[in-house]
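K.L.:
Attaching a single structure in structure tokens format; questions to follow.
The values are calculated or read from the model by the stated rules, or taken from the named source; none is laboratory data. Note that the coordinates shown come from a computational prediction; the quantities given were computed from them, not determined experimentally. All Cβ positions, glycine included, derive from the backbone under ideal geometry; neighbour counts span all protein chains shown. Each accessible area value is taken on the protein alone, full model and side chains, heavy atoms only, with ligands, DNA and RNA left out. Shrake-Rupley method; radii C 1.70, N 1.55, O 1.52, S 1.80 Å.
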Amino acid sequence: GESVGLHLPTLSVQEGDNSIINCAYSNSASDYFIWYKQESGKGPQFIIDIRSNMDKRQGQRVTVLLNKTVKHLSLQIAATQPGDSAVYFCAENRRGATNKLIFGTGTLLAVQP
Amino acid sequence: NAGVMQNPRHLVRRRGQEARLRCSPMKGHSHVYWYRQLPEEGLKFMVYLQKENIIDESGMPKERFSAEFPKEGPSILRIQQVVRGDSAAYFCASSSQQGWDSPLHFGNGTRLTVT
């Protein structure tokens with residue numbers, strides 16, 4: 001299902017620390033997951049994706065972990081920088097469907113200098 | 001190397017007027033998607049189009065909303081007789097292929113305010 005939030009969960013971290021942003025998805029049939037970053041006044045920006053046949057994928061300073069047993073997705077950001085401050089969304093899709101992504105509510109990451 | 005271009009960035013309409021939102025996909029992309037975002041919420045799928053065809057409009061309200069992606073020119077999302085509840089950010093995304101595992105590239109959106 002889709003979650004609707006009245007206000008965004010917020011994660012506050014110190015510059016240089018590692019950040020972990022979590023996402024629970026509801027559709028066990030989902031096969032493809034994406035993390036997007038959205039800065040104020042801008043559109044979602046693709047960060048990293050992972051398919052259901054994997055449980056971990058690494059990019060530059062980011063790692064996505066997928067636990068299909070508990071339907072949980074996380075985004076790890078190493079050495080968080082002020083420029084990482086944004087709202088982060090997970091999105092899901094399932095095999096064979098059109099690219100009709102289902103977005104989570106989002107988490108606001110606030111990086112303290 | 002232009003990304004997805006949307007205009008206008010901001011649009012103010014009075015209740016009952018029409019709103020037209022335009023989207024030019026990334027070069028070489030023939031698949032366009034429209035999403036709506038209310039404040040502090042995630043994006044909600046509205047419609048998926050290919051050139052001259054509506055593929056999936058399951059997220060579109062049944063009345064007042066329409067979308068097109070003509071052979072030439074941008075994709076248009078049209079909202080007739082706008083109401084205050086239509087106030088939101090509308091995002092367009094494009095992809096180069098249809099696949100369920102093709103990343104979508106989003107524009108910076110049009111923020112519609114209905115007064």
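K.L.:
Do we find a residue being more than 25 Å from B:MET46 (Cβ to Cβ), without any contact (Cβ under 8 Å) to a residue 60 or more places away in the chain and surrounded by 13 or more Cβ atoms within 10 Å (Cβ to Cβ) anywhere in segment A:8-19?
P.N.:
Within segment A:8-19, not a single residue is more than 25 Å from B:MET46 (Cβ to Cβ), without any contact (Cβ under 8 Å) to a residue 60 or more places away in the chain and surrounded by 13 or more Cβ atoms within 10 Å (Cβ to Cβ).
K.L.:
Another question, if that's okay. Testing A:ASN99 on (1) part of a strand (DSSP E or B); (2) surrounded by 21 or more Cβ atoms within 10 Å (Cβ to Cβ); (3) not aliphatic (A, V, I, L, M), one condition comes back false. Which one is that?
P.N.:
All conditions pass for A:ASN99, except number (1).
K.L.:
In addition: Evaluate segment A:76-89: report whether one residue or more is open to solvent by 40 Å² or more (accessible area, probe 1.4 Å), out of contact with any Cys (no Cβ under 8 Å at 6 or more places or on another chain) and within 13 Å of another protein chain (Cβ to nearest Cβ).
P.N.:
For segment A:76-89, residues open to solvent by 40 Å² or more (accessible area, probe 1.4 Å), out of contact with any Cys (no Cβ under 8 Å at 6 or more places or on another chain) and within 13 Å of another protein chain (Cβ to nearest Cβ): absent.
K.L.:
Turning to a different aspect of this structure: Which ones in segment B:31-67 are part of a strand (DSSP E or B), away from every other protein chain (no Cβ under 14 Å) and surrounded by fewer than 16 Cβ atoms within 10 Å (Cβ to Cβ)?
P.N.:
Within segment B:31-67, just B:SER66 meets the criteria.
K.L.:
Related question: Working only within segment A:47-67, note down all residues that are in contact (Cβ under 8 Å) with a residue 12 or more places away in the chain and under 23 Å from A:GLN81 (Cα atoms).
P.N.:
Answer for segment A:47-67, where residues must be in contact (Cβ under 8 Å) with a residue 12 or more places away in the chain and under 23 Å from A:GLN81 (Cα atoms): A:ILE47, A:ILE48, A:ASP49, A:GLY59, A:ARG61, A:VAL62, A:THR63, A:VAL64.
K.L.:
Do you know which residues across segment B:1-30 are more than 14 Å from B:THR110 (Cβ to Cβ) and within 11 Å of another protein chain (Cβ to nearest Cβ)?
P.N.:
Residue satisfying the conditions is B:GLY3 alone.
K.L.:
Let me ask something additional. Name the residue, out of B:VAL114, B:VAL83, that is over 10 Å from the mean Cα position of the chain (by Cα), more than 14 Å from every other protein chain (Cβ to nearest Cβ), open to solvent by less than 30 Å² (accessible area, probe 1.4 Å) and hydrophobic (A, V, I, L, M, F, W, C).
P.N.:
B:VAL114
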